[in-house]
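Working notes, structure below.
Every read-out reported here was derived from the displayed coordinates using simple, explicitly stated rules and does not represent laboratory data. What you are looking at is a predicted structure, and each value in this text was computed from that prediction instead of being measured. Positions of Cβ are backbone-derived with ideal geometry, glycine not excepted, and every protein chain shown enters the neighbour counts.
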Amino acid sequence: MGPRARRTGRKTAPDAAQSPAVSAALRTTGPRGGDRGGAPLTPEHTIARLEAENAALRAETAKLTTERAILRQAAEYFAGETNR
C-alpha cells in the first residue's frame, strides 16, 4: 500500500458533509423513504417532511448569508488596516 492508500480523507470530510437539515430528514425517514423499515410514505407525509426540510434549509441559508456578510466586512476592514 502506497502513502496515498493510507489517507483517511479527513481533510475533505467537512466539505462533503450533509447539512443538518438533510441529516435530520434521513434520520426520520431512512435513506429509502418511509419509516426505517422502508415502508412507502403517504403523499401528505412526504409533503410535510419536504416542507420542514425546506424551512430548515432556508433558515440555514439565511444564517450562512449573514455570516458571509460579516466575514466579508471583517476582511475589508483588516485589508484596510494593513495598507496603512
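A few comments on the model shown:
- The label-point distance for Glu76 and Glu44, in a model that sets each label 7 Å from Cα toward Cβ, rounds to 5.0 nm.
- Cβ crowding within 10 Å averaged over residues, with 65-74, 45-54 ranked highest first: 45-54, 65-74
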